[in-house]
Amino acid sequence: MIVSVASGKGGTGKTTVAASLATIWDRPLVAVDLDVEEPNLHLFLHPEIEGGETGHMEVPVVDELRCTFCCACSDLCQFKAIAVMGKLVLTFPEMCHGCGGCIAVCPEKALSPGKRELGEMSWGRAGAADFLMGRLRIGEAMSPPFMRMVKSKLAEMIAASARDAIVDAPPGVSCPAVTAVMDSDVIVLVTEPTPFGFYDFQLAWEAFVPLGKPMGAVINRAGLGNDDIYRFCGDKGLPVLVEIPFDRAIAEAYSRGRVIAEISQQLKETFVSLQGKIRELAERCDAGEAVHA
Amino acid sequence: MSKIAITSEGPGLDDLMDPRFGRAAGFVVVDLETMSTGYIDNGQSQIMAQGAGIQAAQLIARAGVTCLLTGYVGPKAFQALSAAGIGIGQNLEGLTVREAVERFRNGSVQMATGPNREAGR
């Protein structure tokens, strides 16, 4: 079972929840940081890194001696990553989406695959769990292709020995967030009962509902704000799985890099209960019950 | 050899210049010898997420112009225009196409040596 911990708004507590779940999870697990633009799960889980790999995207390299300036490549490219200007072929590797179309369509075989570095993947052990993370190269604008590489590595790890995965997803509701959650079995939306939290929570719900995955909400900083989120969840049939109280002790522990499931028995029980409810959600869906119709 | 392109909001000499290059409404192409004009519509650029400047550079290069008069040019468009050997007169704004051409003819438009706008703007 793959569980994605996502949110609309940033800073609502995805990593807090993902790290705590990873710590109390009672089955074989890999904890995955898919927020490749700003990974931080490792700051809480302190993994021992055992291996790594650099991810690349295929970009075209031009052999100017073979090019006849026919423009087949630049006519095909939807992103203007390759342009024929008079007797010069220009490439803009940072704009390339790596589809390989230009290389395939060139009648003179004047284009060959080169590489653009996307980021660094690393893996290891964090306590009883396995750990996997991606870190996007500074300056790289496209995270989904790199996230897909991290996800392939995850699939490889799960194929090698069956285990669950807790995925710390990026914030927002655009391509990176959707890429992170789209092949998970359960989506946990972490939110807070503030106006910003509520607004972005609605966006996240709208973005993820079409994926047809079982979803539930975790309300962090419960006690702040008003009850708009609770009403919204009630209307949409979205279960509120657990609440995490708005408590100074939690903020202090977080700022010291501690996993909050480890600071009190009560919080530990909150996350054990969350684990149970996530499993119930997944099982209910397996039993064929319609999700959020 | 004497054709220039001016970013424009419309097809004629009396239309206002469009200060944008990649996402300009269009380009008035002026033959400096005969003062005859043509127009290249650039409406397609409005739907592009990226690469509008590069596409615009390709469009005017294919029209055989030797010089561009516009407001702002980003780094990728600048590179593409330079590769095609097209001179760039930039920082022109609030003029009609005709006024821009006159400034160019009397030598008061300086050719740019670098882009004057960030990518994607």
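Go through the stretch A:114-157 residue by residue and tally those that are of a type in the set (D, E, K, R), farther than 25 Å from A:Ser20 by Cβ and out of contact with any helix residue (DSSP H, G or I) (no Cβ under 6 Å at 6 or more places or on another chain).
Looking only at that region, the number is 7.
Identify all residues within the stretch B:15-34 that are out of contact with any helix residue (DSSP H, G or I) (no Cβ under 8 Å at 6 or more places or on another chain), without any contact (Cβ under 8 Å) to a residue 60 or more places away in the chain and assigned to a loop (DSSP other than H, G, I, E, B); write none if there are none.
Correct list: B:Asp18, B:Glu33, B:Thr34.
For the stretch A:29-42, indicate whether the set of residues that are within 14 Å of chain B (Cβ to nearest Cβ) and either modelled with pLDDT of 95 or more or over 24 Å from A:Phe246 (Cα atoms) (or both) is non-empty.
no
Is it true that B:Ile54 is over 21 Å from B:Thr37 (Cα atoms) and touching a residue at least 24 places away in the same chain (Cβ under 8 Å)?
So B:Ile54 fits the description; yes.
Residue by residue through the stretch B:83-109, note down the ones that are in a loop (DSSP other than H, G, I, E, B) and either on the phi > 0 side of the Ramachandran plot or away from chain A (no Cβ under 14 Å) (or both).
Those that are in a loop (DSSP other than H, G, I, E, B) and either on the phi > 0 side of the Ramachandran plot or away from chain A (no Cβ under 14 Å) (or both): B:Gly85, B:Gln90, B:Asn91, B:Leu92, B:Glu93, B:Gly94, B:Leu95, B:Asn106, B:Gly107, B:Ser108, B:Val109.
Filter the stretch B:38-75 down to residues that are surrounded by fewer than 20 Cβ atoms within 10 Å (Cβ to Cβ) and part of a strand (DSSP E or B) and give me whichever is nearest to the other protein chains (Cβ to nearest Cβ).
The selected residue is B:Ile40.
Just the residues that are part of a helix (DSSP H, G or I) and in contact with a Lys or Arg (Cβ under 9 Å, 6 or more places away or on another chain), please, taken from the stretch A:228-250.
A:Ile250
I'd like the residue in the stretch A:44-75 that is aliphatic (A, V, I, L, M) and more than 13 Å from chain B (Cβ to nearest Cβ) and, out of all such residues, is nearest to A:Gly119 (Cα to Cα).
A:Met57
The values are calculated or read from the model by the stated rules, or taken from the named source; none is laboratory data. Bear in mind the structure is a predicted one, so any value in this text is a computation, not a measurement. Cβ: placed from backbone, ideal geometry, glycine included. Neighbour counts: every protein chain shown.
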